[in-house]
Amino acid sequence: MNNIESYPPVLRHLEQQRHPPPPPPPPPNSDPDEEFQEPDPVPIIDLECLHHEKLEEACKNWGLFRLVNHGVPLTLLKELQEAAKELFSVSFEAKESACSGSPVTYFWGTPALTPSGTALTRSPQNMNWVEGFDVPLSQLSHFNPQLPTLESVRVLVMEYEKHLSRIGRRLLEAMAKNLELNIKNSKEYLAVGMMRVYRYPNCPDTNGGWGMEAHTDSSVMSILNQGDEVGGLQLLKHHQWLNVKPIPDTLIVNLGDMMQAISNDRYKSVTHRVSMNKHKERISLCYFAFPGEEVVIESSKYKPFTYNEFRAQVQEDIKALGHKVGLSRFHHNQNSQVSLL
Ligand SMILES: O=C(O)CCC(=O)C(=O)O
Ligand SMILES: [Fe+2]
């Protein structure tokens, strides 16, 4: 099957519109989106030998760090990347029908979904150049997909989840200690796990478009496996965008809006985005940890709220304004701040 047939039609259509003649082959390393600062400036946190001061610095000044010695077998990270690649390579129709009536959602063009799993509508010009599967982890064990490539991903994700919930708990405990938070049970803040598996198709005309536009995550924390080949993740630091290099056997952890609120704004929910790539497809897998439904986020900066209330507000804003307003909606001084996205 021609690879283009595996793309959602709307992305194929735009692809043809955007660039009628095929581009000449690129000279190696000519893409500015793939230029990485050397040495890599992203803070490194070693999970085996957790250094509390370094973690504090990374959470305060970056909201993102690279995790090493995380204990996830390298073979599992690679198998996941491979299985995801295989899954995306089947026809668009097969991916769509494999998910109908299941807890897994297949989406494209935007990562913003309603609670029932449908993608929020976007005009073709505002499409994000991405397709993905949204996997609620609590439902994975009683879901039997008929599509073999989806079944392979399901089995691997079940194994992967054990590692990621361990990592999340360990990191949150250390952060709570640094923040002197009275977290009786840090599990409550990480009670709901969600996995997103993405493919960012390559697109010769990257002008003005994004794989995923700038945003902050709504999670407590997100843990990204971006493989070791194709970059694209960028973070905003001191008003400048910085490319986050894919490095084998490392994971990227970023803090989300819930963590910023829990920490009374001491920690940052980092603004990040994914660029489009002219020549190469990119696969990434992102794990998101959210508070349990009943957990009230209490902080000195924000009115008390639950994650469900936060999510409902985000959806209302996306519908009405076309973008997420985020935490500032819950600020005690609501009108004094409007966040980026
Ligand atoms: O694919 C990536 O590198 C990042 C994805 C992301 O930011 C998200 O899912 O919120
Ligand atoms: Fe994100």
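Please identify, among GLY231, GLY322, GLY208, the residue showing maximal mean-square fluctuation in a Gaussian network model of the chain using a 10 angstrom Cα cutoff.
The residue with the greatest mean-square fluctuation here is GLY208.
Which residues' amide hydrogens lie under 5 Å from the amide hydrogen of TRP210, considering only partners 5 or more residues apart or on another chain, with H built in the peptide plane?
Hits under the 5 Å cutoff: TRP129.
Find the relative contact order for the chain and round it to a whole percent, using C-alpha pairs within less than 8 Å whose residues are 6+ positions apart.
19
Quick one: which residues, 5+ away or cross-chain, put their amide H under 5 Å from the amide H of SER218? H built at 1.01 Å from N.
Answer set, sorted by chain and number: ASP257.
Under 5 Å between amide hydrogens, which residues at least 5 positions from VAL192 or on another chain qualify, with H placed 1.01 Å from N in the peptide plane?
Long-range HN contacts for VAL192: PHE290, GLY292.
222 nm [θ] for the chain, helices only, -39500 (n - 2.57) per DSSP H run of 4+, per residue, to 500?
Estimated from H runs of four or more residues: -9000 deg cm²/dmol.
About the Cα centre of segment 4-292, what is the dipole size in debye to 20, counting +1 per Lys and Arg Cβ and -1 per Asp and Glu Cβ, all else neutral?
520
Please say if the chain is rounded, prolate or oblate, where rounded means a/c under 1.5 for a ≥ b ≥ c the square roots of the C-alpha gyration tensor eigenvalues, and otherwise the choice is prolate for a/b larger than b/c and oblate otherwise?
rounded
For segment 137-154, just list the computed ³J(HN,Hα) in residue order, Karplus coefficients 6.51, -1.76 and 1.60, θ = phi - 60°, integers in Hz, with x standing in for Gly and Pro.
Karplus values, whole Hz, x for Gly and Pro: 5, 5, 9, 5, 6, 10, 9, 10, x, 7, 7, x, 5, 6, 5, 4, 5, 4.
With a probe of 1.4 Å, find how much accessible area the chain has per residue, and write the answer as a whole number in Å².
For the chain, the solvent-accessible area averages 47 Å² per residue.
Given the pairs LYS78/LYS245; LYS187/LYS245; LYS85/LYS324, which are separated by over 20 angstrom at their Cα positions?
The answer is LYS187/LYS245; LYS85/LYS324.
Tell me, what is the FRET efficiency for HIS279 and ALA94 to the nearest 0.05, using R0 = 30 angstrom and their Cβ-Cβ distance as r?
For HIS279 and ALA94, the calculated efficiency is 0.70.
Can you send over the carbon and sulfur percentage of the accessible area for the chain, probe radius 1.4 Å, protein chains only?
50
Through the Karplus equation 6.51 cos²θ - 1.76 cosθ + 1.60, θ set to phi - 60°, convert the phi angles of segment 47-60 into ³J(HN,Hα) values in whole Hz; use x for Gly and Pro.
Ordered by residue, 3J(HN,Hα) equals 6, 6, 9, 6, 9, 5, 5, 5, 4, 4, 4, 5, 5, 6 Hz.
Can you give the net charge of the other residues whose Cβ lies under 13 Å from the Cβ of LEU64, counting K and R as +1 and D and E as -1?
For residues surrounding LEU64, the net value is +3.
Any idea what the dipole of segment 174-287 comes to, in debye rounded to 20, about its Cα centre with Lys/Arg Cβ at +1 and Asp/Glu Cβ at -1?
Dipole magnitude for segment 174-287 comes out near 80 debye.
The values are calculated or read from the model by the stated rules, or taken from the named source; none is laboratory data. Just so it is clear, the model here is predicted, and its values are computed rather than measured. No Cβ is skipped: glycine too gets one built from the backbone with ideal geometry, and neighbour counts run over all protein chains shown. The protein model used for the area step is the full one, side chains on, heavy atoms only, and it has no ligands, DNA or RNA in it. Shrake-Rupley method; radii C 1.70, N 1.55, O 1.52, S 1.80 Å.
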